[in-house]
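The values are calculated or read from the model by the stated rules, or taken from the named source; none is laboratory data. Please read these numbers as outputs of a predicted model, since none were measured by experiment. Glycine also receives a Cβ, built like all others from the backbone with ideal geometry; neighbour counts cover every protein chain displayed. Areas reflect the complete protein model, heavy atoms only, side chains present, ligands, DNA and RNA absent. Shrake-Rupley method; radii C 1.70, N 1.55, O 1.52, S 1.80 Å.
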Amino acid sequence: MPKLTVDGVEVEVPAGATVLQAIEATGKEVPRFCYHDRLSIAGNCRMCLVEIKPGPPKPAASCAMPAGENMEVFTSSPMVEHARKGVMEMLLINHPLDCPICDQGGECDLQDQAMSYGGGASRYEEMKRAVPDKYMGPLVKTIMTRCIHCTRCVRFVDEVAGVPTIGALGRGGATEISTLEAGINSELSGNIIDLCPVGALTSRPYEFVARPWELSKTESVDVMDAVGSNIRVDARGPEVLRVLPRLNEDVNEEWISDKTRFAIDGLKRQRLDAPYVRGADGRLKATSWTAALNVVAEKLKATAPEKIAVIAGDQVDAEAMFAAKVLFENLGVQNIDCRQDGMKIAPGTPRGGYILNEGLSGVEKADRLLLIGSDPRREAAVFGARIRKRWLEGDFKVGVVGEIGDQTYPTELVSLENAAEFLQGASRPMVIVGAGALARADGASVLAYARSLATVTDEWVGFGVLHTAASRVAGLDLSFLPGPEGQDVAGILAGVKAGGIETVFLLGADEINFESLKDAFVIYQGAVGDDGAGAADVVLPGAAFTEKDGTYINTEGRAQRASRAVFPPGDAREDWTILRALSEVLGSKLPFDDLTSLRAQMIEKVPVLGAIDEQMPGAWGDFGEKGPVGDEPMHSAVANFYMTCPISRASPTMARCVQEFMNSSNQEKAHA
């Protein structure tokens, strides 16, 4: 490990570290535009110049210079200050200096560094170069005259996203960044907006919407998939305007998917902002909370418990599921299920049988990966990027059982019969089962077979389930599952047809066959007017994930808290408060009056829900059911990445993405 001095301070860094990393190890800031610690080194911008002795009497780019033994580094000498001013002056030669109308204004690296390291005037009088804006799809807006050719976007889509659609054309003063007028067909493309240091790439849906100092900023977690990406929700007044990533090395590093970032405009459309009751004419009519709760209570009281069913959806917080479970179990209801997609994870399954045991970051330690009916690129895009990251390090094979589409790394088609052979010889193999495989009729057999393939030791549990629903692991932890005499979702739907189930309470459940519920009295509680609300006889308006404090457990078993950024619209209320009010009308009052009390009781029942931001290990044991596995191909649970929930289906931006990237003619154009 080389030792060197930075402005007289001795520092020791790992072998292979750069001078820039050594400087930052001392707590000093190094200006940069092209360097990013998750991308390869380009050395384009030269803003990170420092003086190094011994060496030639000229500044050196610290990002590309390996740290050496006995180096003396100077970060603020007259030579360095003069060089940085010269670099900044050159970068601004062609920049349009349009900060007042730039969406990057107020959070722009170029603004900040020009203030800190630049000069007060420019000596250049030549006309500025103009560059035509490039088309990069419905998500990324370009103003290419601002571009300083740092190539962060080029390196990101090539190295992280694995879709090399951006490149540099021309040389010298004629250099331009381009996609050849095609949209960036990647589920992670929005991250280049964060990476761009100058405002050449900005958010198209957010164009001219707000300034950063106008926004209230709330740290929260995403519920568009089961990764649980850490996010920051920016709002102005009652409206969520944008979502940005937060750093969490174990979960999402610093990336988020395009659905996480851009689907939030769906929160402004088709919102349920008042209770509704279906009248004698068959139409839903707005009413008061008192009237709606009385209708629900009268129906539940008049129905035998065995004829009542409750189904929880994919984005329900743990607090709401806990309140619903306590309420309906007090009424004697056993037809309760959180697996609206029909996953064959039975009650009593040990926790290790339904979480990603080694965690999302654990794949970076694996030396072989087998995906069974799972499509990480579309089901968990950020996790798919982490798999690619591991593949880039080398000595890593990925086997695929089923038809799961194109990935951003090479895959090898493997049959279940040959799966053990594929994993043979690996010291840390990982087997991941997807929701698509577990939702089949033989899902329990697939689960048992996958368990038999996994390597499990004290140091390594090479088995995991990649969920697609943000609420699923918490629901399983809470045992939001059928009682001894209860029915699962399939049994509930069949029971409605047969007349055995008369009343169905949908807690944010929108991904089931509503045609099967036409003979039941349906109560829907949710935030968006999707299929569930359309099929309901009573609608209770709930809060979206940005409008309530809630606990979610991601696919690796990590409990995280979402925080309220704005209040629900109109008369909508947080889900657990609706259930608490309903319990009082029913005469079966829930034993908590506030969120603190609810959480205390919930954590007492399920302690992992109190271990916030910790990946709690799961108990291991037998799970699944040994039996034959059918010959039908295994498909991903996600057919359309951009529309997987009521919020994303209501989003105009996601609709434009579907038109751009999933329409066959546009798909051919993008690959031309």
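Of Gly199, Gly190, Gly228, which residue is of a type in the set (Gly, Ala, Ser), touching a strand residue (DSSP E or B) at 6+ places or on another chain (Cβ under 6 Å) and surrounded by 24 or more Cβ atoms within 10 Å (Cβ to Cβ)?
Gly228
Count, please, the residues in segment 40-59 that happen to be outside any loop (DSSP other than H, G, I, E, B) and either open to solvent by 20 Å² or more (accessible area, probe 1.4 Å) or polar (S, T, N, Q) (or both).
Looking only at that region, the number is 2.
Yes or no: segment 424-436 includes at least one residue that is under 22 Å from Tyr642 (Cα atoms), out of contact with any Lys or Arg (no Cβ under 6 Å at 6 or more places or on another chain) and open to solvent by 20 Å² or more (accessible area, probe 1.4 Å).
no
Consider only pairs whose beta carbons are under 6 Å apart and that are at least six residues apart or on different chains; among these, list those whose first residue lies in segment 564-579 and is under 25 Å from Glu329 (Cα atoms) and whose second residue is in a loop (DSSP other than H, G, I, E, B) and of a type in the set (Lys, Arg).
Every condition considered, the pairs that remain are Glu574/Lys548.
May I ask you to list the residues in segment 495-537 that are touching a residue at least 12 places away in the same chain (Cβ under 8 Å) and assigned to a helix (DSSP H, G or I)?
Selection gives Gly495, Val496, Lys497, Phe514, Ser516, Leu517, Asp531, Gly532, Ala533, Gly534.
Give the residue, chosen from Gly106, Gly86, Gly68, Gly16, that is of a type in the set (Gly, Ala, Ser), assigned to a loop (DSSP other than H, G, I, E, B) and at negative phi.
Gly68
Residue by residue through segment 113-129, note down the ones that are loosely packed, with under 10 Cβ neighbours inside 10 Å and assigned to a loop (DSSP other than H, G, I, E, B). Full working, then the answer.
Here is the first cut: in segment 113-129, the residues loosely packed, with under 10 Cβ neighbours inside 10 Å are 115, 120-121, 123, 125-127.
Scanning segment 113-129 gives Gly120, Ala121, Arg123, Glu125, Glu126, Met127.
Could you list, in sequence order, the residues of segment 643-661 that are open to solvent by 20 Å² or more (accessible area, probe 1.4 Å), among the polar types (S, T, N, Q) and closer than 9 Å to Pro138 by Cβ?
Within segment 643-661, just Gln659 meets the criteria.
For every residue, the table says whether it meets (1) within 17 Å of Thr577 (Cα to Cα); (2) open to solvent by less than 50 Å² (accessible area, probe 1.4 Å); (3) hydrophobic (A, V, I, L, M, F, W, C).
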| residue | (1), (2), (3) |
| --- | --- |
| Pro275 | yes, yes, no |
| Lys285 | no, no, no |
| Leu293 | yes, yes, yes |
| Glu319 | yes, yes, no |
| Asn335 | no, yes, no |
| Gln340 | no, yes, no |
| Tyr354 | no, yes, no |
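Looking at (1) crowded, with 19+ Cβ neighbours inside 10 Å; (2) in contact (Cβ under 8 Å) with a residue 60 or more places away in the chain; (3) out of contact with any strand residue (DSSP E or B) (no Cβ under 9 Å at 6 or more places or on another chain), which one does Gln601 not meet, given that it meets all the others?
Only one criterion is unmet by Gln601, namely (1).
Here are Gly486, Gly491: which of them is open to solvent by 10 Å² or more (accessible area, probe 1.4 Å), out of contact with any helix residue (DSSP H, G or I) (no Cβ under 8 Å at 6 or more places or on another chain), assigned to a loop (DSSP other than H, G, I, E, B) and at pLDDT 95 or above? So that I can check it myself, show each step before the final result.
On the way: Gly491 fails: assigned to a loop (DSSP other than H, G, I, E, B).
Of Gly486, Gly491, the one residue that is open to solvent by 10 Å² or more (accessible area, probe 1.4 Å), out of contact with any helix residue (DSSP H, G or I) (no Cβ under 8 Å at 6 or more places or on another chain), assigned to a loop (DSSP other than H, G, I, E, B) and at pLDDT 95 or above is Gly486.
Looking at (1) touching a strand residue (DSSP E or B) at 6+ places or on another chain (Cβ under 9 Å); (2) under 24 Å from Gln270 (Cα atoms), which is the one condition that is false for Phe641?
It is condition (1) that Phe641 fails.
I need the full set of residues from segment 198-252 which are among the β-branched types (Val, Ile, Thr), closer than 27 Å to Ile101 by Cα, assigned to a strand (DSSP E or B) and touching a residue at least 40 places away in the same chain (Cβ under 8 Å), in order please.
If we filter segment 198-252 for residues that are among the β-branched types (Val, Ile, Thr), which is where we start, we get 198, 202, 209, 218, 221, 223, 227, 231, 233, 240, 243, 251.
When the remaining residues are screened for being closer than 27 Å to Ile101 by Cα, the result is 198, 202, 209, 218, 231, 233, 240, 243.
Now restrict to residues that are assigned to a strand (DSSP E or B): 202, 218, 231, 233, 240, 243.
Selection gives Thr202, Thr218, Val233, Val240.
Where the second residue is surrounded by fewer than 20 Cβ atoms within 10 Å (Cβ to Cβ) and in a loop (DSSP other than H, G, I, E, B) and the first is at positive phi and touching a residue at least 60 places away in the same chain (Cβ under 8 Å) and lies in segment 385-414, which pairs have Cβ atoms under 9 Å and are six or more apart or on separate chains?
Taking only residues 6 or more apart or on different chains, the pairs are Gly402/Pro633.
All but one of (1) open to solvent by less than 20 Å² (accessible area, probe 1.4 Å); (2) more than 12 Å from Ala309 (Cα to Cα) hold for Asp531, so report the exception by its number.
If we test Asp531 against (1) open to solvent by less than 20 Å² (accessible area, probe 1.4 Å); (2) more than 12 Å from Ala309 (Cα to Cα), just (1) comes out false.
Is it true that some residue in segment 93-106 is of a type in the set (D, E, K, R) and touching a helix residue (DSSP H, G or I) at 6+ places or on another chain (Cβ under 7 Å)?
No; the residues of segment 93-106 include none that is of a type in the set (D, E, K, R) and touching a helix residue (DSSP H, G or I) at 6+ places or on another chain (Cβ under 7 Å).
Can you name every residue in segment 645-657 that is under 19 Å from Ala535 (Cβ atoms) and either touching a Phe, Trp or Tyr at 6+ places or on another chain (Cβ under 8 Å) or not aliphatic (A, V, I, L, M) (or both)?
Of everything in segment 645-657, those that are under 19 Å from Ala535 (Cβ atoms) and either touching a Phe, Trp or Tyr at 6+ places or on another chain (Cβ under 8 Å) or not aliphatic (A, V, I, L, M) (or both) turn out to be Cys645, Pro646, Arg649.
Is there a residue in segment 65-87 that is open to solvent by 70 Å² or more (accessible area, probe 1.4 Å), of a type in the set (Val, Ile, Thr) and either in contact with a helix residue (DSSP H, G or I) (Cβ under 9 Å, 6 or more places away or on another chain) or closer than 25 Å to Asp112 by Cα (or both)?
For segment 65-87, residues open to solvent by 70 Å² or more (accessible area, probe 1.4 Å), of a type in the set (Val, Ile, Thr) and either in contact with a helix residue (DSSP H, G or I) (Cβ under 9 Å, 6 or more places away or on another chain) or closer than 25 Å to Asp112 by Cα (or both): absent.
With the structure loaded, tell me whether Thr303 is surrounded by fewer than 19 Cβ atoms within 10 Å (Cβ to Cβ), at pLDDT 95 or above, of a type in the set (S, T, N, Q) and under 24 Å from Val496 (Cα atoms) or whether it fails that test.
Yes: the conditions hold for Thr303.
Give me the residue from segment 566-598 that is of a type in the set (Asp, Glu) and part of a helix (DSSP H, G or I) and, out of that set, most open to solvent (accessible area, probe 1.4 Å).
Across segment 566-598, the extreme among qualifying residues is Glu584.
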